[in-house]
1. What longest range of the chain stays clear of loop-exposed chymotrypsin sites (Phe, Trp or Tyr not before Pro) (DSSP non-H/G/I/E/B, at most 13 other C-beta within 10 angstrom)?
2. So if R0 is 22 Å, what FRET efficiency would Leu4 and Arg97 give, r being the distance between their Cβ atoms, rounded to the nearest 0.05?
3. Under the Karplus relation 6.51 cos²θ - 1.76 cosθ + 1.60, θ = phi - 60°, what is the ordered set of whole-Hz ³J(HN,Hα) values for the range 110-126, x standing for Gly and Pro?
4. Amide H neighbours of Arg59 under 5 Å, at least 5 residues apart or on other chains, H built in the peptide plane: list them.
5. How do Glu19, Glu14 line up, fewest other C-beta atoms within 10 Å first?
6. How do Ile84, Ile74 line up, fewest other C-beta atoms within 10 Å first?
7. With r defined as the distance between the Cβ atoms of Asp82 and Trp38 and R0 fixed at 22 Å, what FRET efficiency is calculated, to the nearest 0.05?
8. Among Val109, Ile84, Trp20, whose Cα projects farthest towards the positive end of the dipole of the chain, with charges put on the beta-carbon of Lys, Arg (+1) and Asp, Glu (-1)?
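Read-outs throughout are calculated quantities, based only on the coordinates presented, and are distinct from any laboratory measurement. As the structure is a prediction and not an experimental result, all values here were calculated from the model. Every residue, glycine among them, receives a Cβ derived from its backbone with ideal geometry; neighbour counts consider all protein chains shown.
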Amino acid sequence: MTELPFWKVKTLEEMDPREWESLCDGCGLCCLNKLEDWDSGAVVFTSVRCRLMDGTSCRCTDYENRQATVPECIQLTPEGVDEIPWLPPTCGYRLVRENRDLYWWHHLVSGDPETVHIAGISARGRETVCETEVDVEDFEDYVVDWPWKVGEGA
Ligand code: SF4
Ligand code: SF4
């Protein structure tokens, strides 16, 4: 009998730290700045990336110490997955929370951390600009909808 993988049998709360970290697919979409409408609460993505995000690899350049540079960087928790409205539909944490399976391109399924990029799910290869190069007043000029749509047809 084949044993089911951990993300199919454990809740987010039951995962150990290694399993939890591995659920991240490395898409980098959560490292893009978001804007929230004060009245409606609607959230939109921008193509303005966090100062620590490498624009080419789309990886965090100082993940271990990131909160010293970017204190607002979210430390995702199971509760946060329920409360954060902007986790993209493809996010591994959101998928598991919604009792859905991981896609073929997730490294836990494919065995290859590059497949999230090959499948066009990640921010890699997208036109982004570093937040240090854009006045925060101008972020609304960089609103994009592709982070919500990358998984369509996946
Ligand atoms: S959106 Fe989810 S899967 Fe993608 S980098 Fe962020 S936490 Fe990881
Ligand atoms: S500090 Fe790193 S993990 Fe946090 S938003 Fe910036 S690039 Fe992403």
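1. Between exposed loop sites, the widest span is 105-154.
2. The value I calculate is 0.80.
3. These are the phi-based 3J(HN,Hα) values: 7, x, 9, x, 7, 5, 5, 7, 4, 7, x, 7, 8, 7, 5, x, 8 Hz.
4. So Arg59 has HN proximity to Asp54.
5. Working: Glu19 15, Glu14 11.
Result, fewest neighbours first: Glu14, Glu19.
6. On the way: Ile84 17, Ile74 13.
Taking fewest neighbouring Cβ atoms as first place, the list is Ile74, Ile84.
7. Once rounded, the FRET efficiency stands at 0.50.
8. Farthest towards the positive end: Val109.
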